[in-house]
Amino acid sequence: MTLVAEKKREHRPPAGVPARASRHPLRAEFRRGFAPWAGLALLLTLAVALAASSAQWQGGWAETRERLHTTAQLLGVPLALAAGCWQGGRERRRRTEELMATAVRGGLARFLAAALPVVCWVVAGYAVAAALAMLATGLYATGDRPDLVAPVTDAVALASGALAGHALGRLLPWRLTAPLLAVAGYVVLGVVAYDSRGPLRHLSPIGYASDTDVPVWWQPPAMTVWTGGLAAAVVLAYAARRRFTALLPLAAATAAGALLVQTGEGLWHTNPAAGRQVCDTSTTPQICVNGRYEELLPQVTDALSGLTGRLDGVQNLPVRFTDLPGEPGPDEAHLPMITPLGWSVVRGRLTDPQQFAWEAGQALYGRIECDEAVGPRVAAVDDAVVHYLAPSPAERRFDELAAEGDAAARAELRDRLDARARLKAMGDEERRAWLSEYFASAGTCDPSEVPAL
Amino acid sequence: MTTSGLLLYARSRTLPRTVAALAATAALAVWAAHGLDAYLDPSRRVPVVALAPLAASALIGASLYSASDELDRTAVRPWWRRRLVHLLALTALAAALLPWAVLGHTSSFGPPAMIRNTLGCVGLTAASAVLLGARLSWLPVFAYVSAVYVAAAGVDGGSVPAWAWLMQPAGERGAWLVALVAFAAGTVLYLLRGARAEGTRD
Amino acid sequence: MPTIRVTGLHVRHRKTVALDSLDVDFGPGVHGLLGPNGAGKTSLIRVLATVAEPAGGRVEILGEDTGDHRRLGDVRRRLGYLPQDFGYYPGFTVREFVAYVAWLKEMPAAATPSAVERAVARVGLADRIDAKVRTLSGGMVRRVGIAQAIVNAPQVLLFDEPTAGLDPEQRVEFRELLRELGTSATVIVSTHLVEDVAAACTEVTLVDEGRVAYRGTPQSLAALGETAVGVSGDNPIERGYTAALRAHRAHGSAAQAVRTLEGTAR
């Protein structure tokens, strides 16, 4: 009886399941405890921050790179520091310091066995966030190409933060070290980003954020050596048996840092894609969009088709709408702003083609630089032309406001409506001739040069 | 040497150290705000108005830790009173010290905004102390505040959503409502449940 | 008249069942709680200490139902508890720590200082009363834990592994203290050490797989060990322990186990 009962209680692993003992002893370090939570916290932080502002980067590869990079550095690095620091204080909290001190394995191996799970999970959290961001942009991209180097430098910076934090957590195993380290990280990164004039700003992993500039090819490796070297030096100085080995990564980091500071502004140059544009030459004026979002051209052409159709055969117009950094040429007009993303373009679509066309029509004449406001007659003529070419979505609202206004406002409205009616009543040939004459005076401030309606 | 119970309670929760750390945080915030040239634009204070309450709430959250949790639970005294006094006293101290960093501009990013953010952050920290344990209570609040800080900076102006209460000027009623609800919910949760037991494990 | 009455107690830890419809009474005296690791000893002690809430069943301590939260204060006032994982404040002195627990138990402020000194003296730490807990050795910290448990002269005392970390001399002294406490209070001691049971306990309760496997005096357990065949152990109580466990596992219920054992003994 007893024997039967004892046999029943024996636990034998079922056949076909590999024995757990054969798994690596550090597996538990990776799967249990704080490390996966640290990775999840980083992923959620980045995901929330990115998702909330998705309209401003989704669809543009440069915008995605910048937003991901800034978010990862500004939010991720302090969090990685804090997570590493928390893990570093673990032996004190678990009261296993004594036990660990008797281990046969060297200090560095023990350090890495405890630190690497957090490092790996933090990097994994970032990698998932980066992959999601790139997927999100890939679905709506309209040109340019993804940058896979920047995420790697970000990952190195995050891993360095977690490693350095771990060493600090070992040195100061106080329960407030981690949050205070994170605050210090925010303050330091924030101050460096805020005061972006000193030469030391090139050492900040955040660097110089821009959608149109890209770093020279060796900037990411140099930044990697700078951040990774510092972290490696901290780790070796803390945990290696031969502490002087810390001097090696420190020297490498110093050299890379010196290179970054010395080169200064030369680290950045204009994105080649941003320096060219693609054009539709079949319209009047021609329409060009920046190479960074070249696939937007059909949409833009479509949005401006009403405008360009009405300008067919009209003389004295700019040759093309251009979309390059800097001022347009003498016979060119600036295409309405597509960037920053999130306003006229969201997720690869023009948000409001009518508004876009109106802005394009506005770009064809310019009396903004006139010393004094042009008279009501010229204003009415300008308004009639814009109304004919591409009326503002808000035009009706403004007309209604003027109709409810005082006598002067009502009189002005009447003049405007008359001018619109006269332009509309012209024959096609007559109107083309009149518009050609009008655009000849498009930039003038002298009311007498603007043709009457 | 004193053996007064309340004093012993205060020492067991490292309250003297927490008070000193809160004072240091306030001093740091004054120093940081001074360099921001906020007279040009009060919204330049946003980093201080968001980060200082975050740091203060992390300190307050860590002070909720009890090393003798198992013994504490056999106490005859009802805990909610001590918890309430503990949380309110530290929150009041933080809310009294931090606004000195951002005097003026009361309708945008001045003392009222600082007090609102302190209340909201303390509420979130207290709630996460109940769910995660006091020693790690700073982590979710950190993740939340920093994500909001970056996300709200990019959100189109006009109606900033409720989750970005931290970043709104003090005049916004909705932001006050969210912060007060967070504070009330966190406080009530902590009063009822106390910080999650942690033992020596992590 | 039992001071502690447990009926149908059910305790879970997440998915595992720690205690399974347990019925047991304890009266004045020293009760040894024996059982293998994971048997449910700590779960039972924690429920009796009103620290853990049971999933089902009823616990009455000193005539009060511990499920009634309004009466909990009255129970706790007359209860002393030394947890297995005993957390303390390293920066406190022994006097401060014990006084802090006395304050938690709402002892009258006037009576506290003398009660603290008395409790500390009973565990033999009178000369270290103003030393910081951090400066004490492991065994001394354990004795601080015992002092805080007895500071309010409780009628119910719960010790979870109290002799862990004590040296042989201290253990002998502690057993003496247990016997002394057992004359006026209900003392429940969870332990792995059968010497403690043999020397200090008036009754033994053996818990296994969340149920009571055996109840009796240390002498009857030893007698069981003497008569049982083919069980190992260095002394009669250890052999009795093994025999009782084996019988319980073979038959699955305490009642049956006891009946069978009685039959075997005859």
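The values are calculated or read from the model by the stated rules, or taken from the named source; none is laboratory data. Not measured: the values here are computed from a predicted model. No Cβ is skipped: glycine too gets one built from the backbone with ideal geometry, and neighbour counts run over all protein chains shown.
Of the numbered criteria (1) assigned to a helix (DSSP H, G or I); (2) in contact with a Gly (Cβ under 8 Å, 6 or more places away or on another chain); (3) not aromatic (Phe, Trp, Tyr), the one B:SER108 fails is (1). Restricting attention to the stretch A:143-186, the residues being modelled with pLDDT under 90 and among the polar types (S, T, N, Q) number 1. Pairing residues of the stretch B:52-72 that are more than 9 Å from chain A (Cβ to nearest Cβ) with residues that are of a type in the set (Asp, Glu) and surrounded by fewer than 24 Cβ atoms within 10 Å (Cβ to Cβ), at Cβ distances under 9 Å and at least 6 apart in sequence or on separate chains, gives B:SER66/B:ASP72; B:SER66/B:GLU198; B:ASP69/B:GLU198; B:GLU70/C:ASP85.
To keep it simple, each residue is scored yes or no on (1) in contact (Cβ under 8 Å) with a residue 40 or more places away in the chain; (2) surrounded by fewer than 23 Cβ atoms within 10 Å (Cβ to Cβ).
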site	(1), (2)
B:LEU87	yes, no
B:ALA95	no, yes
B:THR106	yes, yes
B:ARG116	yes, no
B:THR125	yes, no
B:SER128	yes, no
B:LEU131	yes, yes
B:ALA134	yes, no
B:PRO140	no, yes
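Going by the structure shown, is B:THR74 surrounded by 21 or more Cβ atoms within 10 Å (Cβ to Cβ), under 30 Å from C:PRO113 (Cα atoms) and modelled with pLDDT under 90? Yes, satisfied.
In summary, strands (runs of 3 or more DSSP E) completely within the stretch A:227-316 and bearing 1 or more residues that are in contact with a Ser or Thr (Cβ under 7 Å, 6 or more places away or on another chain) and among the polar types (S, T, N, Q) occur at A:268-270, A:277-280.
Do we have any residue at all in the stretch A:198-207 that's closer than 20 Å to A:LEU75 by Cβ, basic (Lys, Arg) and free of Cβ contacts under 8 Å to residues at least 24 places away in the same chain?
Step one: of the stretch A:198-207, the residues closer than 20 Å to A:LEU75 by Cβ are A:201, A:203-207.
When the remaining residues are screened for being basic (Lys, Arg), the result is A:201.
Still in the running and free of Cβ contacts under 8 Å to residues at least 24 places away in the same chain: A:201.
For the stretch A:198-207, residues closer than 20 Å to A:LEU75 by Cβ, basic (Lys, Arg) and free of Cβ contacts under 8 Å to residues at least 24 places away in the same chain: present.
For the stretch C:104-117, the tally of residues that are surrounded by fewer than 15 Cβ atoms within 10 Å (Cβ to Cβ) and in a helix (DSSP H, G or I) stands at 2.
Number of residues in the stretch A:132-153 that are crowded, with 18+ Cβ neighbours inside 10 Å, of a type outside the set (S, T, N, Q) and part of a helix (DSSP H, G or I): the value is 5. Within the span defined as the stretch A:360-371, one or more residues are under 27 Å from the mean Cα position of the chain (by Cα) and at pLDDT 85 or above.
Checking each residue in the stretch B:169-195 for being within 14 Å of another protein chain (Cβ to nearest Cβ) and surrounded by 14 or more Cβ atoms within 10 Å (Cβ to Cβ) picks out B:ARG193, B:GLY194, B:ALA195.
Among C:GLY87, C:GLY27, C:GLY67, which is the only one that is in contact (Cβ under 8 Å) with a residue 24 or more places away in the chain and surrounded by fewer than 22 Cβ atoms within 10 Å (Cβ to Cβ)? Write out each step before concluding.
On the way: C:GLY87 fails: in contact (Cβ under 8 Å) with a residue 24 or more places away in the chain; C:GLY67 fails: in contact (Cβ under 8 Å) with a residue 24 or more places away in the chain.
Only one candidate qualifies: C:GLY27.
Checked against the criterion of being free of Cβ contacts under 8 Å to residues at least 24 places away in the same chain and surrounded by fewer than 17 Cβ atoms within 10 Å (Cβ to Cβ), the stretch A:385-394 has at least one qualifying residue. I'd like to know if the stretch A:182-199 contains one or more residues that are away from chain B (no Cβ under 14 Å) and in a helix (DSSP H, G or I). The answer is yes; a qualifying residue exists. Can you say whether A:LEU248 is in the same structural domain as A:ARG110 (by TED's automatic domain parsing) and closer than 19 Å to A:THR153 by Cβ, as far as the supplied structure shows? Criteria not met by A:LEU248. Search the stretch B:1-57 for residues being in a helix (DSSP H, G or I) and aromatic (Phe, Trp, Tyr), and hand back the single one that is modelled with the lowest pLDDT. Per the stated criteria, the residue is B:TRP31. Here is the figure for the stretch A:42-53: residues that are surrounded by fewer than 24 Cβ atoms within 10 Å (Cβ to Cβ) and either among the basic types (Lys, Arg) or in contact with a helix residue (DSSP H, G or I) (Cβ under 7 Å, 6 or more places away or on another chain) (or both) total 6. When you scan the stretch A:52-70, how many residues do you find that are in a helix (DSSP H, G or I), away from chain B (no Cβ under 11 Å), touching a strand residue (DSSP E or B) at 6+ places or on another chain (Cβ under 9 Å) and of a type outside the set (D, E, K, R)? Number of matching residues: 1. Taken as a whole, the condition of being within 20 Å of C:GLU173 (Cβ to Cβ) and touching a Phe, Trp or Tyr at 6+ places or on another chain (Cβ under 7 Å) does not apply to C:ALA153. Determine whether C:VAL51 is closer than 22 Å to C:THR202 by Cα and β-branched (Val, Ile, Thr). So C:VAL51 does not fit the description; no. If the condition is being more than 14 Å from chain B (Cβ to nearest Cβ), assigned to a helix (DSSP H, G or I) and touching a helix residue (DSSP H, G or I) at 6+ places or on another chain (Cβ under 9 Å), then the stretch C:122-141 contributes C:ARG122, C:ALA126, C:ARG128, C:THR135, C:GLY139, C:MET140. Scan the stretch A:75-98 for residues that are at pLDDT 90 or above and at positive phi and report the count. Of the residues in that region, 0 qualify. Residue-level check: of (1) at pLDDT 90 or above; (2) within 24 Å of B:ARG81 (Cα to Cα), C:VAL116 misses just (2).
Scan the helices (runs of 4 or more DSSP H) fully inside the stretch C:150-243 and keep the ones with 3 or more residues being in contact (Cβ under 8 Å) with a residue 60 or more places away in the chain and hydrophobic (A, V, I, L, M, F, W, C). Write out each step before concluding.
On the way: elements: C:168-182, C:194-200, C:218-227.
Per the criteria, C:194-200.
No other residue among A:LEU341, A:LEU350 is within 14 Å of chain B (Cβ to nearest Cβ) and within 24 Å of the chain's Cα centre (by Cα) apart from A:LEU341.
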